[in-house]
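Structure first, commentary second.
The values are calculated or read from the model by the stated rules, or taken from the named source; none is laboratory data. What you are looking at is a predicted structure, and each value in this text was computed from that prediction instead of being measured. Neighbour counts run over all protein chains shown; Cβ positions are idealised from the backbone, glycine included. All accessible areas refer to the heavy atoms of the entire protein, side chains included, with ligands and DNA or RNA removed. Shrake-Rupley method; radii C 1.70, N 1.55, O 1.52, S 1.80 Å.
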Amino acid sequence: MFLRIGSSSKFEIDEYGFIRINKNSELEISKKKFDFIYSHNQEILSSNKYQKKLILSEDSLNSVIRSIFDRQFCDFLTSKTGFKYTIDFFGAYQNFHIPEKDKDQSWYANHYHFDKPNSKNMLKMFIPMSNIGIEDGPLELLDIQQTKKFLLKKRSIDDFDKIYLVGELGDVFLCKLNLCLHKARIPKEGKTTKLVMLQLNPSRRWFINSNLYKRQFK
């Protein structure tokens, strides 16, 4: 159990399960362009026929992580959540359209689910690598309150208010997906989603998991 900083405070992410950081915020991270990931030496793996993973070299990955998690951004995350974190997983991926005949199968978490947490306060961070509109296949979720109502009332998911994490290059999304029912929307034909995803777990101090590079292949 890690001591939460400002434990008597109320945190927005505990109420709703997600936070949007607009690219026009005062944070330096919101002004950076993350398409530079594509310019690094990398390997492209085909997870399946509807998803590609980008595998960064160890040096490139370290460069990306350190450019994101500077002191300003780490302090910002702590102020919004009450925790310091270990950076435990990095994934850069591209999702493609799934035709009707294959939609009943799970290709890239395209069915509603909860994430299995490494810890109760696991945080997932999503960074668009291109602009994401509703047709591009954004993350779709029910906030914490809507999720509780869905589990209690057992009505159709269509009866509940959904959140769509649409955004632009430079935006950042923080989510507690162990508490919010969610799925990856399927892009329309001819559209695609490009995202970076990081998994953070509470820690006594900020640090990078030594297995971060190898975990890209999972």
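Tabulated data for the structure shown
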{"read-out": "Residue ID - nearest to the chain's Cα centre (by Cα), chosen from residues in the stretch 80-102 that are under 18 Å from GLU135 (Cα atoms) and open to solvent by 10 Å² or more (accessible area, probe 1.4 Å)", "value": "TYR93"}
{"read-out": "The stretch 138-149 residues that are more than 21 Å from TYR108 (Cα to Cα), paired with ones that are among the basic types (Lys, Arg) (beta carbon under 8 Å, 6 or more apart)", "value": "ILE144/LYS176; GLN146/LYS162"}
{"read-out": "Flag if SER30 is hydroxyl-bearing (Ser, Thr, Tyr), surrounded by 15 or more Cβ atoms within 10 Å (Cβ to Cβ) and modelled with pLDDT under 90", "value": "yes"}
{"read-out": "Test result for LEU198, at pLDDT 90 or above, more than 18 Å from GLU12 (Cβ to Cβ) and assigned to a helix (DSSP H, G or I)", "value": "no"}
{"read-out": "Residue ID - most open to solvent (accessible area, probe 1.4 Å), chosen from residues in the stretch 103-143 that are assigned to a loop (DSSP other than H, G, I, E, B), within 28 Å of PHE69 (Cβ to Cβ) and among the aromatic types (Phe, Trp, Tyr)", "value": "PHE114"}
{"read-out": "Hits in the stretch 167-188 (condition: in contact with a Pro (Cβ under 8 Å, 6 or more places away or on another chain) and open to solvent by 50 Å² or more (accessible area, probe 1.4 Å))", "value": "GLU168, ARG185"}
{"read-out": "Scan of the stretch 153-166 for residues that are surrounded by fewer than 17 Cβ atoms within 10 Å (Cβ to Cβ) and either outside any loop (DSSP other than H, G, I, E, B) or in contact with a Cys (Cβ under 8 Å, 6 or more places away or on another chain) (or both), ordered by number", "value": "LYS153, ILE157, ASP158, ASP159, TYR164"}
